[in-house]
Amino acid sequence: MSSFNLSSAHKNCETCPVHDKLNLQKLGINAQNSDFIVALAGNPNTGKSTIFNALTGLRQHTGNWTGKTVSRSEGSFVFHDHKYKVIDLPGTYSLISSSLEEEIARNFVLFGKPDVTVIVTDATRLERNLNLVLQMLEISSRAIVCVNLIDEAKKNGITIDARALSRDLGVPVVLTAARDETGMYDLLSAIEKIAVSEDPIKARTIFDLPADIAAPVHELEVHIKKELPNLPNSKWLAIRLLDNDVSLTEALQQGELTKMQPGEAGSSKGIKNRYTGKILEAADRLKARLPKDFHDKIVERTFIEAGKIAEKAVIKSGEKRKFNLDIFLDKIFISPLFGYPVMFLLFAFMFWLTIAGANVPSAFLYDILVGTVHPFLKTGADQLQIPWWLSGFFIDGMYLATAWVISVMLPPMAIFFPMFTLLEDFGYLPRVAFNMDSLFKKAGAHGKQVMTMMMGFGCNAAGVVATRIIDSPRERLIAIITNNFAICNGRWPTQILIASLFIGALVPAHLAGFVSAMAVVGVALLGVLLTFIISWGLSNTVLKGQASVFSLELPPYRVPKFWQTLYKSIIDRTLFVLWRAVVFALPAGAVIWLISNIQIGGMPVAEHMVDFLDPVGWFLGLNGIILVAYIVAIPANEIVIPTVLMLIVLLTDAQNHTGNAGVIFETDSIESLGTLLRNGGFTLLTAINLMLFSLIHNPCSTTIYTIFKETKSVKWTMVSTFLPIALGILVTALIAMFWRM
Amino acid sequence: MMFDIFKRKGKEILDGSKALLSELIPGQTATIKSISDDCQGVERQRLMDLGFVPGSLVEVEMRSPWSDPTAYRIKGGLIALRKNQACKIQICPVQ
Ligand SMILES: Nc1nc2c(ncn2[C@@H]2O[C@H](COP(=O)(O)OP(=O)(O)OP(=O)(O)O)[C@@H](O)[C@H]2O)c(=O)[nH]1
Ligand SMILES: [Mg+2]
């Protein structure tokens with residue numbers, strides 16, 4: 001109780017700008033020469049990244065689902081003259097399990113030797129969180145327990161007695177509501193106190209073990225202490241070794257643990273082996289004396305202890321709320337009747353809003369960047385008598401490609417990303433996974449694959465990294481290979497533009513927006529269908545195996561902070577992605593201009609390429625221009641459409657003998673692009689197959705590289721690259737064949 | 001394998017108690033008795049981490065539209081498990 005008052009007393013200071021200036025200085029990623037290292041650990045979805053952002057001023061992605069952060073990231077801040085480096089770790093349920101992100105978290109606390117470990121917990125699920133806290137305190141007592149989400153707890157009639165908790169755990173306890181930055185001052189002071197104190201801290205230890213277990217553990221502990229006297233957590237290590245912890249045994253063999261001994265950093269292999277050999281031998285010998293359910297007993301013990309502590313520290317106000325919004329919402333989102341229709345309508349609505357809403361700003365940007373600024377630059381260049389090839393290279397090549405990318409990409413992204421982020425913060429994504437798991441199970445895949453897919457709708461490279469939340473290697477590989485079938489933001493603009501120009505044009509104007517949105521939704525759904533088919537195919541052939549275990553936490557619904565989310569998603573996702581597109585568009589524009597203007601045998605290189613690829617293009621129901629565009633756009637899908645447009649202009653120009661090839665003639669509005677494409681030979685078939693081919697082709701270079709980094713396998717990288725392109729060729733060729741029949 | 005299941009079921013029906021988590025329907029509550037021995041390794045550990053340890057109170061909250069997976073309320077969290085895992089958890093029903 002008293003701690004609530006404490007934190008609200010500080011709150012006045014905290015919100016005062018003078019206070020902030022005097023004490024906390026957020027330094028972003030500038031983490032050099034820090035005095036102390038602070039690790040943020042804890043259960044998934046407890047607000048670690050939110051706290052990280054509050055401390056460092058960075059914008060690490062947060063999201064209302066477990067497993068949002070899968071790799072560690074660093075930032076720093078200055079508080080009272082000390083510089084702190086902060087590490088945001090992935091969430092973990094315990095220190096024993098073996099998924100990749102859990103190992104990252106554990107190894108950092110164990111081997112990275114942080115000066116302070118902040119264990120972030122969820123006030124509404126304190127008991128389960130304490131299970132991890134107790135394990136953490138076992139490996140590092142220089143810790144703070146941060147009970148976050150107290151605002152949510154309050155709403156649910158839960159109060160946390162921080163003093164009782166601190167007394168029981170032996171470490172400081174701070175109550176926070178990180179999203180509103182409540183309690184950050186308390187947290188900072190607690191971090192400072194632990195960081196500067198030289199005294200050893202006596203944290204609570206769990207393991208007053210039953211006699212039959214205690215003796216062997218103690219014996220091994222004595223061994224470890226003898227061989228590695230400066231290791232701070234020898235009892236924990238003893239228990240883990242007796243429990244057959246493979247990764248720790250490996251760490252010991254490779255000398256990671258002995259490195260923690262002061263003065264042992266450069267020790268030779270011989271010494272390492274002498275230490276570790278003895279310890280492992282002893283462990284093997286002692287294992288025989290342990291009861292069979294040794295492991296279970298340890299875990300149960302921890303939970304019993306956690307239960308006891310939680311009972312004292314958590315005060316629940318008696319009355320249960322009559323109306324529970326969470327249950328009500330789940331009744332809708334997960335109901336057999338409404339679950340799927342609501343899901344479909346929600347996503348269809350998002351796409352429709354993106355398409356309908358992007359039209360006007362796209363046309364506006366296009367008018368300015370291409371219709372006004374471009375001629376202005378050209379006239380200026382002429383007046384300054386800049387040689388044609390110089391102004392051509394920069395203005396008609398690099399500038400124009402970039403202008404096109406911006407006007408085609410920025411508006412849809414600026415609408416889609418904020419909406420998606422709002423949905424993510426709300427907590428809807430895990431519900432989609434829950435609804436669809438059965439289908440994934442039938443395909444032999446993991447239910448969480450759906451979440452990696454949804455990350456893929458933003459960016460496939462991000463989707464591939466997100467597959468770390470899937471524990472089983474087989475199912476993770478399936479998720480990686482099929483992630484490309486989630487249309488990424490680099491491909492949305494192609495879908496949207498072609499759908500509006502060709503499919504929307506088939507129906508009366510007032511229906512155009514709706515129909516083109518449905519066409520895009522159709523392509524996206526086809527991608528989902530392909531995901532199932534390919535997953536099923538893989539798990540019945542090269543990646544044979546049973547669908548493994550699946551556990552998914554459904555977080556509470558959280559009302560997103562609207563403006564904050566909007567701002568963040570524009571800055572982080574939209575501008576970030578746009579920046580990437582621009583970085584690729586600049587050189588691509590230069591390449592396009594060059595291949596359009598360098599002549600071989602009286603004909604530009606590009607035209608040779610187009611002529612050469614035209615028959616292949618015809619066979620696929622596409623054309624040579626599109627294929628050349630896809631070759632130029634291998635680095636990034638974003639620039640396919642601009643490349644197509646520029647190449648069409650070039651060819652038309654060349655035919656008209658207007659000279660100065662590779663420049664758009666004055667298409668002053670975005671609608672006239674349709675005419676331009678039709679003049680370039682585009683038909684309805686070309687449009688449909690372009691949309692399909694954009695869905696089904698090789699991943700972009702960044703994604704391919706990410707797949708290689710994540711799988712560390714050339715073979716699977718090749719499969720992920722060539723499987724979709726082969727499939728794309730097959731699908732488009734078949735459609736072209738039937739279309740012409 | 002098959003016979004094992006029948007045998008176990010038969011015995012539990014004699015006890016007059018529903019005995020597997022997967023057999024509960026939404027709205028029902030139980031305490032966890034044990035995790036079956038054929039659930040080992042990472043799978044067992046994960047279930048225990050999430051709070052499926054002997055003595056924990058568990059309530060069935062909802063089923064997915066395809067009736068699998070099912071979401072359980074345990075130790076304050078809402079956890080979805082597939083049927084083939086829930087059937088490895090033995091329980092004692094609570095009235
Ligand atoms: N109401 C409320 N929401 C919060 C608070 N702190 C974080 N959140 C929200 O909780 C969700 C999870 O926050 P994250 O910071 O992504 O959690 P995390 O611990 O980094 O999660 P993982 O990376 O998955 O381990 C987000 O939707 C946050 O906006 C808080 O104090 N109060
Ligand atoms: Mg995080």
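Set side by side, the residues A:F294, A:F349, A:F338 differ, and just one is within 12 Å of another protein chain (Cβ to nearest Cβ), surrounded by 13 or more Cβ atoms within 10 Å (Cβ to Cβ) and not β-branched (V, I, T), which is A:F338. Would you confirm whether or not segment A:150-171 contains a residue that is away from ligand 1 (no atom under 14 Å from the Cβ) and within 14 Å of chain B (Cβ to nearest Cβ)? Checked segment A:150-171: at least one residue is away from ligand 1 (no atom under 14 Å from the Cβ) and within 14 Å of chain B (Cβ to nearest Cβ). Only one of the listed residues (A:A306, A:A282, A:A310) is hydrophobic (A, V, I, L, M, F, W, C) and over 35 Å from the mean Cα position of the chain (by Cα). That residue is A:A282.
Within segment A:140-149, the set of residues being open to solvent by 10 Å² or more (accessible area, probe 1.4 Å) and away from ligand 2 (no atom under 16 Å from the Cβ) comprises A:S140, A:S141, A:R142.
Restricting the first member to segment A:421-442 and to residues that are more than 14 Å from ligand 1 (Cβ to nearest atom), and the second to residues that are assigned to a helix (DSSP H, G or I) and among the aromatic types (F, W, Y), the beta-carbon pairs closer than 6 Å and six or more apart or on different chains are A:R431/A:F333.
From the list A:V520, A:V559, A:V528, A:V591, the lone residue that is more than 14 Å from every other protein chain (Cβ to nearest Cβ) and part of a loop (DSSP other than H, G, I, E, B) is A:V559. The set of residues in segment A:200-233 being under 14 Å from A:A282 (Cα atoms), of a type in the set (K, R) and in contact with a Ser or Thr (Cβ under 9 Å, 6 or more places away or on another chain) consists of A:K225 alone. Assess whether A:R128 counts as being open to solvent by 10 Å² or more (accessible area, probe 1.4 Å) and either away from chain B (no Cβ under 14 Å) or basic (K, R) (or both). So A:R128 does not fit the description; no.
Could you go through segment A:72-89 and let me know if any residue there is under 24 Å from the mean Cα position of the chain (by Cα), in a loop (DSSP other than H, G, I, E, B) and within 12 Å of ligand 1 (Cβ to nearest atom). Yes, because at least one residue in segment A:72-89 is under 24 Å from the mean Cα position of the chain (by Cα), in a loop (DSSP other than H, G, I, E, B) and within 12 Å of ligand 1 (Cβ to nearest atom). Evaluate the following for A:V118: is it in contact with a strand residue (DSSP E or B) (Cβ under 7 Å, 6 or more places away or on another chain) and within 16 Å of ligand 2 (Cβ to nearest atom)? Spelling it out, A:V118 is indeed in contact with a strand residue (DSSP E or B) (Cβ under 7 Å, 6 or more places away or on another chain) and within 16 Å of ligand 2 (Cβ to nearest atom).
With respect to A:G427, determine if the residue is within 14 Å of chain B (Cβ to nearest Cβ) and either modelled with pLDDT under 90 or over 15 Å from A:N64 (Cβ atoms) (or both).
No: the conditions fail for A:G427.
The number of residues in segment A:71-90 being open to solvent by less than 10 Å² (accessible area, probe 1.4 Å) and within 16 Å of ligand 2 (Cβ to nearest atom) comes to 6.
Only residues that are more than 7 Å from chain A (Cβ to nearest Cβ), open to solvent by 10 Å² or more (accessible area, probe 1.4 Å) and closer than 17 Å to B:T29 by Cα were counted in segment B:65-82, giving 1.
I'd like the residue in segment A:50-69 that is within 12 Å of ligand 2 (Cβ to nearest atom) and open to solvent by less than 10 Å² (accessible area, probe 1.4 Å) and, out of all such residues, is farthest from the other protein chains (Cβ to nearest Cβ). Filtering first and then ranking leaves A:F52. On inspection, A:G277 passes the criterion of being out of contact with any Asp or Glu (no Cβ under 8 Å at 6 or more places or on another chain) and without any contact (Cβ under 8 Å) to a residue 12 or more places away in the chain.
On the given criteria, is A:F440 over 25 Å from A:T46 (Cβ atoms) and more than 14 Å from chain B (Cβ to nearest Cβ)? Step through it out loud before you land on a result.
Numbers: over 25 Å from A:T46 (Cβ atoms): yes; more than 14 Å from chain B (Cβ to nearest Cβ): no.
The answer is no for A:F440.
Residue count for segment A:179-217 satisfying the condition of being without any contact (Cβ under 8 Å) to a residue 12 or more places away in the chain and in a helix (DSSP H, G or I): 3. Among the residues making up segment A:361-393, those that are without any contact (Cβ under 8 Å) to a residue 40 or more places away in the chain, under 36 Å from the mean Cα position of the chain (by Cα) and open to solvent by 50 Å² or more (accessible area, probe 1.4 Å) are A:F364, A:I368.
Which is within 11 Å of ligand 1 (Cβ to nearest atom), at pLDDT 90 or above, in a loop (DSSP other than H, G, I, E, B) and not assigned by TED's automatic domain parsing to the domain that holds A:K709, of A:T66, A:T46, A:T62?
Criteria check complete, one pass: A:T46.
The condition of being modelled with pLDDT under 85, away from ligand 2 (no atom under 16 Å from the Cβ) and surrounded by fewer than 23 Cβ atoms within 10 Å (Cβ to Cβ) holds for A:G112. Considered as a group, the residues in segment B:29-61 that are in contact with a Lys or Arg (Cβ under 8 Å, 6 or more places away or on another chain) and polar (S, T, N, Q) include one that is nearest to the other protein chains (Cβ to nearest Cβ), and that residue is B:S56.
Scanning segment A:91-109 for residues that are buried (at least 23 other Cβ atoms within 10 Å of the Cβ), within 13 Å of ligand 2 (Cβ to nearest atom) and over 13 Å from A:A39 (Cα atoms) turns up just one, A:T92.
The values are calculated or read from the model by the stated rules, or taken from the named source; none is laboratory data. Please read these numbers as outputs of a predicted model, since none were measured by experiment. Methodologically, a virtual Cβ is constructed for each residue, glycine included, from the backbone with ideal geometry; neighbour enumeration extends over all protein chains shown. In case anyone asks, the SASA skips ligands and DNA or RNA and just uses the protein heavy atoms, side chains included. Shrake-Rupley method; radii C 1.70, N 1.55, O 1.52, S 1.80 Å.
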